[in-house]
Amino acid sequence: MYFPLCCPCHYKQGHKDNEADTAVSPPENNNDKKEMTKPTPIIGITTDNIKSTMDLALDWFMYDNSNWVVYSNSSVDMLVSRFRPLTKQNGRLFICELNLDSTNGLMDQAFWDWLSKSR
């Protein structure tokens, strides 16, 4: 099964560590072209730490700083239990099963090649 995974970062609007995390929504109209702030990982968690956890799956593809597609025979609950320790308290983590019966989008060729390889 394929799972999109957004981990271990979450979007926040500039705040001090002792202030509450605030999710940032996309701009409400085209006149407001502000970008969302960059995701902020847990201090001490590196991309290598995340990749080590990803390697527990059968295969994975990282398509930007905090978004991955994972090919795994594990359940969604198992994947959440693996990745939750990498997220900040009150951080964001999204995992669901992907249906590949109908796909389309604007991704690099490397992604499409990975997605279509035989498993």
Practice task
Taking only region 65-100 into account, find how many residues are free of Cβ contacts under 8 Å to residues at least 60 places away in the same chain and farther than 15 Å from I43 by Cα.
Solution key: 9
Practice task
Evaluate the following for L93: is it surrounded by 12 or more Cβ atoms within 10 Å (Cβ to Cβ) and at pLDDT 90 or above?
Solution key: no
Exercise for the section: Taking the options R119, R92, R82, name whichever one is touching a helix residue (DSSP H, G or I) at 6+ places or on another chain (Cβ under 8 Å) and not in a strand (DSSP E or B). Expected result: R82
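The values are calculated or read from the model by the stated rules, or taken from the named source; none is laboratory data. Please read these numbers as outputs of a predicted model, since none were measured by experiment. Note: ideal-geometry Cβ built from the backbone for every residue, glycine included; neighbour counts use all protein chains shown.
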